Each structure stands twice: as structure tokens, then as C-alpha cells.
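The values are calculated or read from the model by the stated rules, or taken from the named source; none is laboratory data. Only a predicted model underlies this, so the values are computations on that prediction, with no experimental measurement involved. Cβ: placed from backbone, ideal geometry, glycine included. Neighbour counts: every protein chain shown. Ligands, DNA and RNA are excluded from the accessible area calculation, which covers all protein heavy atoms including side chains. Shrake-Rupley method; radii C 1.70, N 1.55, O 1.52, S 1.80 Å.
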Amino acid sequence: MSTLTAERLYALLPAVYRLRDARQPGQPLRALMAAFAQEFAALEENIEQLYDDQFIETCAAWVAPYIGDLIGYRPLHGVAPKVASPRAEVANTIAYRRRKGTALMLEQLAQDVTGWPAHAVEFFQRLATTQYMKHIRLQAPATANLRDLPAAWREGGAFTRFAHTPEMRRPETGTGRYNIPNIGIFLWRLMPLKLTAQPLVAHPGDATGRKFRLNPLGADLQLFRRPRTEDDISQLAEPINLPEPLSIRLMALAGSGSDYGADYGIDNSLVLLHPHADPTQPPMAVPAEQIVICDLRDIVDSGGNVIGWNHQASVPDSCIGVDPQRGRVLLGAAVEQPLLASFHYGAVRAFGGGEYERAPPGQELAVQHTVTGGAPLQPALDAIAGGGRLTLGDSLTYAQTPLFKVEGASAPNAPGREVVVAARNGARPLVTTNDGEVVVLAIGANGRLVIDGLVFSGGALVLGADADNQPCELVLRDCTLVPGLALNPDGSASAPGAPSLIIEHPFAKLSLERCITGPIQIHAEASITLTDCIVDAGSPQGVAYTSPSGGPGGTLTARECTFVGKLRARVIEMAANCLFFAQLGPKPGETWSAPIIVERRQQGCMRFSFAPAGAVTPRRYHCLPDAEHPGALPHFTSLRYGDPAYGQLRQITDPAIRTGADDGGEIGVLHALFQPQREINLRTRLDEYLRFGLHAGLFYAS
């Protein structure tokens, strides 16, 4: 605050001038002092800022790069939160350089510049060497202790404890590891996402009433760890600090102690819960002593038929068997029901339905309703059909077939009505129908329906044709329309290739953002815009996009999307940074002439995208494959919905695809992760902070 205020300046004037000024209309002298005070205030503020600009903690944003230049700071891609602004990194540069080359510093550096959990390994400590008798290292024996089961299960990963003979390959290629100058930076790219207080799903056909699954979709599910924050920055990350898949063997070996055994409990990776008698009270955790970690895989007879689960007869009556690798639960005969579960599953990014933080809702609508506890949705949907918002307040399953209806405009030229059906931020409700039943969307003239944060299973969403010729709009945000409609207990699709979204309205306008969906069938006269979505037909030979009649689908605009399956469209208005993974089926029987067929090739364009050989598309700009990369082909870690690495490109994929977007990022739905830029950031910093003679390699643990 300025010390030379207008009142102070005015008070310094001789009294005779102030008396004369008081008799003047508007007191011009006081007004003049106020103008002087404003200039003095600006001058004082500038002087204070000049002083603040000498320190990185308080300097203006534009000054930070100049201070960084004084100490040789090299800017990075601002894709990770801690390097989005150079201020924090410039402030830490001196501290980093004082610890240059140490494993602790390299691990912290990797986490800061990539935003991924990391673990640094000095591979010389894993070498089998002849030890100096005056400095015996009992923790580093030259021969493997085969009785050390935890070490045996971790062999080959970031936490291997067995000694190895030297490798001559360099780690920069991702192959060489165990040698004196080699440093390994292990990175975990998959993130653990939470599901809270989910009712257990009964195993189909189970007559005992003891077999359950954690996955609300009724399929096997690999559980993941919720990483714990490190207690002390002076120690390297341990397995409990990293988002790894939970292991049956390691959890069982750890028991109820530290490390993997600490994954069970409230606010941990996994917990089973008893509902409280008072619905307003939170559920109570099942004690850890009652949990038995066991392998509940299927037992198959000589004919290939499943006859039960492993350990089905060995779980004590008062205990609960849990298989974290399959998400299965086996109740003892004396265990009280019902049970709930909170757990974490793995994902490549936060998209589709989930309890992650989503964008805040738009404008508030006049009519507001909230439904919880799996209650019927239809009464609330009917109440907002004339405009309003329905919020689903939990992550439970709504086993029903609702009708989403938006009434038409009151007059031909009147504004349309808007209906929003959204999950509460931090919730992931599941709307599941009986097999084959469809969820009908009825949107009147000029109406707008927004569905946000929901998961649909069991049937397709259908927007039927209307008698009028007025437009309507459908918006899906952060939704999952389960590819294959539903999942079998083993995780496979129950109806591979079945459409998840059917649009028969010729004047419909669709918008999908951050969605996972099965095949789309859309009328040729309609239009659709996809952003950060996966459209999955189950296989590249399936059909991902057509019209309901099998002809060309409506006008398509796509940005940062992955299509798995063949595509037939009337127009591709724009396809930017998209990956079209499609193949023709075997002959005879294949009726398509090309994996992608666009009728109007003189309209629209494709840019910085991948389209398979033989695709009939509009004009292309910087698309793959091209003359320099004729054999470029995407390779996926998994294309099975429900797998942790669903939609992730493998490292053996041609770099032209992994860095082929318009900004040097990855083509496809994972473009928003900026993975190539994160890797470039880390390699840039490793060049600066590795001590002379050391070599570092990046190893992706997930």
C-alpha cells in the first residue's frame, strides 16, 4: 500500500491553501493531490516489484526465464504440473546441482519433469562382485537365495534384489541394465482410479451364494495399488509408493505387515465393508484378520469345463477370500451379507465414466433433482423433460431401462429446452439394462440432451427418427458405452461388434467428449463431433462407424481419437491427430472394398493422422503411412476394454506414430498425455544432471 496517500499529501499543504480550496467548487487542489497520489502509488509499486524481481519466488512471471538464463536453465515442455511454469524448477536448480548424479535426486527429477511416479536404480549395486573382506555387503550376495520368495517374484523389475553378471549394452536403448556406469529410471504410466462402496456382484450360476466379483460389470478385474506418499524424501521409492498391479503372492507373503500387506484398509488400495445399520453412517471395514489373500482362478476339468474356483473348499467359514489379480471374492459360510467394496483399478488416462475430477457443470438449470441409492430414474427424468438437471449422487448400479426425454420447443421459433443428466463429481453411476434392451433417447425440436459421467451396459443408446424436420442435439461427456454392450465373467465382450450408439434422426447433431464407446451407427444426414474418444468395434476387422442401414454414416469431425474397426462415412469434415486402426477381413466373405470409405473425397481433410493402406479418404496432410514410413503400424498393449492398458500404444510402435501429431505428441486418444514430450523433458534433464561417465535408460514399468 502506498505511503503517500492523497490525504497525506493534502495535509502537507499550508493551511491557507487548504482553506481556499475548501471554498472552491469540487476542491480542485484536493483532486490534484489525488492525481499525484496515484502516480506515487504506481511508482512505489514499481520499485517494490523491481526488488521482488530479484528473487525467483516473488518475481513476475515474465522475469522467471531471465533468472533461469543466469544459471543456465533450459526450458522444457510444460506438460507436467511441476514444470508448467519454470518458477519452481529454476528455484530448485541449485539444490538439484548440489545433489547431481545421486539416485535420490534423479528419482525426484524424473517425477517432477514427467509427472509419472518413478524409481531410480543404480545397476552397479545389482552386480555379482568379489567383495572386499573389510567391507562385506551382506545385502548383496553373488548367488540368488531361491528361498526368498518376494525377491524371486520381483526379479526382472525395478525392485530386483538378485545379483547379475555385467551387460555391455548401453541403457539408452532400453536394453542394457547391469553395469557399473548404468542408471535405470523406471516409470509408471498407468494411473489407479477409485471405485467407492460398490456392492459385490454375484457370480452367475453360483448355487452356493459365496462367489462374487468386485467389478460392477460382473467381469474379472485386475486391482491396483493406491500409492502412499513417501514418508521421507531421503529414501528411494518402495513398491508401496508406486501404482503397481496388486499381486496375490506378494500380498499373501506380506500378510498384515508393511509393504504389500498395507494395501488393505480404509483409504488404502482395497477394503471390504459392512453397510451400517444407520444409512446416514459410513460403512464399517471388515477387519484385516478376516481377509485371506488367495488364488481364486477357475478350475477346469479335462473337457475344458469350469467346475469351480480354486481354494473354494479351503477358505475358513469366518473368513473372506480375496483374489486381487482377478477381483474375485469368496465368502466363508458364516460371513454376514451384504458386503461392499472400495478398490482401485488401472487406466491409461482419466476418460470415460469414472470417479476422477471432471469439468465443473455449466449453467445451473431451474429444475434440479438428485437420485441416489439405485432408485428409479424415470420419475425424475419425467419431471425434467421440459428442461432441468438430474444429478446421480453415487457410484451404484441402476438396473433399469430409462427413457431420456426432452420436450420440443413451445413454438416453431422458440428456443429449445435443455436436459442435463450428470453424475455427481466424484461418482461413477452404472446404468445397466437386460441384454438386448436399448436406452431410448427422445429429443424434441431444438432440444438438447447432455449426459455426463455415466456408464451404460447391456444395451445401446438409440435416438429414433422424429416426425418433424427440426434439429436436436445430443452431448455425451466422460461417458462409457461399454464396447460389446456388456462383459462376460472372463472380461470378454458379450456381443462383440454390436453398436453402442444408434442415431436414426436425420437432423441430429452429436458431440462426444472423452468417451469410450462401441461402434456408432448414425444417419447419413446427421453429424457428429468426437474429441478424445475411443470408438471400439472389438477388432480392426469389425465395423466401427456406419449408418443404421449399413451405408455411409453422417458427417464426421474427430480430434485426438482412436477408431478400432472399419469406417464408412459420407463426409469426414476434419480428422486431426486421429488413429484409424482398421483392416479388411479374410477373403472370401469380406464385402468392403477398403477399410475406410468416404463418399465425398473432395470435401474435408485428414491431418496428422494414421489411416491404413488402401483407405479411401479426403485430402491428407502429414498423414501416415507415407513415403518415408511405408510400414508404420500401431501396436497396442491391449485392445480389450477393461484391461488396465486399454488403448495404450506399445513402445515398439513406429516413432512416426508416437510423435506424429501436429505438436509432436502421440496420434490417437492418448495425445492429451503428451508422453513424447514428457520423455524428451526427462532426457533433457538427465543430460544435465548425470555425472560424467554415467549412462541412464528409461524403462516403462507400465
The answer for Leu624, listing residues at least 5 apart or on another chain whose modeled amide H is closer than 5 Å to its amide H, is Ser609, Phe610, Ala611
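Quick one: if the Förster radius is 30 Å, what FRET efficiency do Asp687 and Phe55 give, using the C-beta to C-beta distance and rounding to 0.05?
The calculated FRET efficiency here is 0.60.
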Under 20 Å by backbone N from the virtual spin label 7 Å along Cα-to-Cβ at Leu12, the residues of region 30-53 are 30-48
Filtered hits (lysines, Cα-Cα < 26 Å from Lys100, offset >= 8 within chain) -> Lys82
Over all viewing directions the Cα convex hull of the chain casts an average projected area in nm² of 46.4
Computed ³J(HN,Hα) along region 617-625: with the Karplus parameters 6.51/-1.76/1.60, θ = phi - 60°, integer Hz and x for glycine or proline, the list is 10, x, 3, 10, 9, 6, 9, 10, x
Check: C-alpha center region 93-130 vs C-alpha center region 562-599, spacing in Å is 46
Expected unfolding gain across Arg607-Arg650 under the 0.36 nm per residue rule, minus the alpha-carbon gap, is 13.2 nm
The answer for the per residue Cα convex hull volume of region 142-299, in Å³, is 190
With every protein chain in place, the accessible area of Arg20 for a 1.4 Å probe, in Å² rounded to the nearest 10, comes to 130
If the chain between His635 and Val300 were fully extended at 0.36 nm per residue, the gain over the current Cα-Cα distance would be 117.4 nm
Of 390-400, 135-145, ordering from highest average Cβ density within 10 Å down gives 390-400, 135-145
Counting only protein heavy atoms and leaving out ligands, DNA and RNA, the solvent-accessible surface of Glu44 at a 1.4 Å probe, in Å² to the nearest 10, equals 40
Any DSSP H helix in the chain with Cα axial reach of 15 Å or more and mean Kyte-Doolittle score of at least 0.0? Listed by number, the hits are 28-52, 103-114
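To the nearest 0.05, how large is the calculated FRET efficiency for Ala359 and Ser85 if R₀ is 22 Å and r is the Cβ-Cβ distance?
0.50
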Given backbone amide H placed at 1.01 Å from N, residues whose amide H is under 5 Å from that of Ala442, ignoring those fewer than 5 places away on the same chain, are Phe404, Lys405, Val406
Note on the chain: contact order normalised by length, alpha-carbon pairs under 8 Å, 6 or more apart, percent, works out to 10
